[in-house]
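Heads up, the thing below is written out as structure tokens.
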Amino acid sequence: MTDSNRQFWKRSAKLPGSIQPVYGAQHPPLDPVRLKSIYLDSSLHERSRVPPFHPKSRKASSFHEFARNTSDAWNIEEDERDEAQHPPFYQTLNSRVAEVTAVKVIESHFKLQEENRCQASSVIKSMSEDQLHRITADDLILRKSLQKQQSLPLRPIIPLVARISDQNASGAPPMTVREKTRLEKFRQLLSCSNTDLDELRKCSWPGIPREVRPTTWRLLSGYLPASQERRILTLQRKREEYFGFIEQYYDSRNEENHQDTYRQIHIDIPRTNPLIPLFQQPLVQEIFERILFIWAIRHPASGYVQGINDLVTPFFVVFLTEHVEEDVENFDVSSLSQDTLRNIEADSFWSMSKLLDGIQDNYTFAQPGIQQKVKALEELVSRIDDQVHCHFKKYEVEYLQFAFRWMNNLLMRELPLRCTIRLWDTYQAESEGFSHFHLYVCAAFLIKWRKEILDEEDFQGLLMLLQNLPTIHWGNEEIGLLLAEAYRLKYMFADAPNHYRR
């Protein structure tokens, strides 16, 4: 490696793709009130120049002010290096001054303790022994509780954060009579010599049973042919073709012209669903690295773009469930045979490729597809709910500031993985689901939170709400309602351009 390349890696090792916690439905932040204070405290040196920011002190806070208050967000590493070269001011305090100050603090502490003891003894004399025992016990419990809370790490306790199972959050029974009937209908369709794809899409729109989801997804994505007799040969040929790409291209990741691509993939992989143990296994991360690198090499018009790594996960989980009975979030993939893992990897690659073929303009230079979709969302919301639209304008919130991620990651950062899988059942069944119907899902998703949006009265509060929406307990029921509303919006606006634009 040349000196210039070595210097680049050293200089860029922690910028801006360093492994940072990525907030979203699968890994939300701390309590919003506490998070606001932490977020503001991160810019102490800016406070010396800017008056303290109070969210409710005035009605509007612009994006420029927000950016100014957080302008040091990427300078953490530089600050640490500066401290190493120039120790902070408290290390140069006069030792005599420090000693005198410490003595005064200790004397004051002892004096305060003595006063407390005197007050306590006078109170104790007026109490019975039973009351004293009860207060002492309660005080001991309270102290233990406080000590325990203080010893815990500062991280949220999030139930169901990594649940991949596709049960309703309300705890519905695993299999009703209606679901058994639907499962039988799917099995009949899939066992036909030539599967009726239109009928399969119609059945899949309200959700696909877990038992038949892998095969159904392969068919709906166009990866498998409708003809029953051609499926085995097609799978065999496509899997061999994928591993031919591995032999042909994967070693080139060490070449200079591919180093940037491979480095970014290598950085992003550990950030993929960081709270789900399945995706932190080295073997799974190696599989994801190969899939993403081969896709990037074969699609030079876009190459690898941050966010594509998320799109592999639903396919990987669905094809893994074909071989695992229990919930897969903690499953050790090393217990599977090498052939099984190779099949899951190849199927995930081809299915993801089929998906990206329909939305590749989202990831080409300047990502024009996403720009257009965000603009379309803004126009659509202005027609659906003018009050929400004007609220954003009043506080200078741009749709690009929150909806870019919705389009780039297909709402995967906003929803638990179990909900994404259910959502993709419908996307696979809907005509142009990922490229077109997703717009109406985003609009329905935004309006779902209109009350919370209108309650926020400053730029920062709105942006933090929109980037950390409380969907962690969502299940099939909530996604079903969201999709129904999205379909209603599509029916009203998709073929009505005069209603779509101002």
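Structure values in brief
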{"item": "Residues satisfying the stated conditions in the stretch 301-327, i.e. more than 15 Å from P416 (Cα to Cα) and outside any helix (DSSP H, G or I)", "result": "A301, S302, G303, Y304, V305, Q306, G307, E322, H323, V324, E325, E326"}
{"item": "All positions within the stretch 366-402 that are at negative phi, part of a loop (DSSP other than H, G, I, E, B) and free of Cβ contacts under 8 Å to residues at least 60 places away in the same chain", "result": "Y399"}
{"item": "Residues satisfying the stated conditions in the stretch 189-228, i.e. of a type in the set (A, V, I, L, M, F, W, C) and under 19 Å from F319 (Cα atoms)", "result": "L190, L200, I208, V212, W217, L219, L220, L224, A226"}
{"item": "Residues that are modelled with pLDDT under 90 and either of a type in the set (D, E) or not in a helix (DSSP H, G or I) (or both), drawn from the stretch 252-271", "result": "E255, E256"}
{"item": "Residue among R405, R383, R422 that is among the charged types (D, E, K, R), open to solvent by 10 Å² or more (accessible area, probe 1.4 Å) and touching an Asp or Glu at 6+ places or on another chain (Cβ under 7 Å)", "result": "R422"}
{"item": "The stretch 293-319, residues that are more than 18 Å from I269 (Cα to Cα) and crowded, with 21+ Cβ neighbours inside 10 Å", "result": "V318, F319"}
{"item": "Test: residue in the stretch 199-207 that is charged (D, E, K, R), open to solvent by 80 Å² or more (accessible area, probe 1.4 Å), in a helix (DSSP H, G or I) and within 23 Å of I308 (Cβ to Cβ)", "result": "no"}
{"item": "Test: residue in the stretch 455-470 that is within 21 Å of the chain's Cα centre (by Cα), part of a helix (DSSP H, G or I) and over 22 Å from F404 (Cα atoms)", "result": "no"}
{"item": "Filter pass, V284 being in contact with a Leu (Cβ under 8 Å, 6 or more places away or on another chain), more than 22 Å from D361 (Cα to Cα) and either charged (D, E, K, R) or part of a helix (DSSP H, G or I) (or both)", "result": "yes"}
{"item": "Conditions (1) open to solvent by 30 Å² or more (accessible area, probe 1.4 Å); (2) within 30 Å of E477 (Cβ to Cβ); number of the one not met by R239", "result": "(2)"}
{"item": "Test result for F445, among the hydrophobic types (A, V, I, L, M, F, W, C), modelled with pLDDT of 95 or more, closer than 30 Å to P214 by Cα and open to solvent by 40 Å² or more (accessible area, probe 1.4 Å)", "result": "no"}
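The values are calculated or read from the model by the stated rules, or taken from the named source; none is laboratory data. Please read these numbers as outputs of a predicted model, since none were measured by experiment. Virtual Cβ from ideal backbone geometry, glycine too; neighbours counted across all protein chains shown. What goes into the accessible areas is simple: the full protein's heavy atoms, side chains included, and nothing from ligands, DNA or RNA. Shrake-Rupley method; radii C 1.70, N 1.55, O 1.52, S 1.80 Å.
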